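Student: First the structure, which I've put down as C-alpha cells, then a few questions once you've had a look.
The values are calculated or read from the model by the stated rules, or taken from the named source; none is laboratory data. If you're wondering where the values come from, they're calculated on a predicted model, not measured in any experiment. Don't worry about glycine lacking a Cβ; one is built from the backbone with ideal geometry, like all the others, and counts go over all protein chains shown.
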Amino acid sequence: MDDNIKIVSRLSRKAKINISIVIFLIFIVITILVSINQIRIIVENREKVIELEEKLNWYRNQNIDLLALEKSLYGEEALELEARKQFNMTTGDETNVSVVVRDEETSSETENYSESTFAEEVYSSSDLWGNIKIFYDNEIKSD
C-alpha cells in the first residue's frame, strides 16, 4: 500500500519554472553590477595613468630646458659673466677695485700697520698662493 501513495507538491510546475527564472535573473543582475564596478575602477586607473604620463612629459620638458640652459652656460660669454659675478674676476687691462670701510677707532690703530704691509706686499697676477697668503695676513689675521 505504501507504493500507491503519491506526494503532491504544493507548487505547480509553472511556479517552479518562474522561481528558477527569477533566481537566474537576480544572479545576472548581481554579476552585471559587480562587472560595472570593476570597469569603473579600470577607467579611473587609466585616467590616473594618463595624468601621470602628462606630468612625466612636463617634467621631461623642464629637464630638457634646464639641460639646454646648462649647455648655454659653457659658452665663453656666460663663463666670463659668471666669473665676474661670483669671483670678482677681470679680463685684459681691467682692474678690480675694492672699498674697505672701517670704524674710526680701529682705523687709526691699524693704519700704520696696513700702510707698511700694503707697501711691501703687492698682489701678483701669477702667484695665486702668494696672493692668498697676503690676503690672509692682511685681512683675516689682523682681525
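Student: With (1) within 25 Å of the chain's Cα centre (by Cα); (2) surrounded by fewer than 10 Cβ atoms within 10 Å (Cβ to Cβ); (3) outside any loop (DSSP other than H, G, I, E, B) as the list, and Lys85 as the residue in question, which single condition is left unmet?
Tutor: (1)
Student: Within the range 88-104, can one find any residue that is exposed (fewer than 10 other Cβ atoms within 10 Å of the Cβ), of a type in the set (Asp, Glu) and at pLDDT below 75?
Tutor: So far as the range 88-104 goes, yes, one or more of its residues are exposed (fewer than 10 other Cβ atoms within 10 Å of the Cβ), of a type in the set (Asp, Glu) and at pLDDT below 75.
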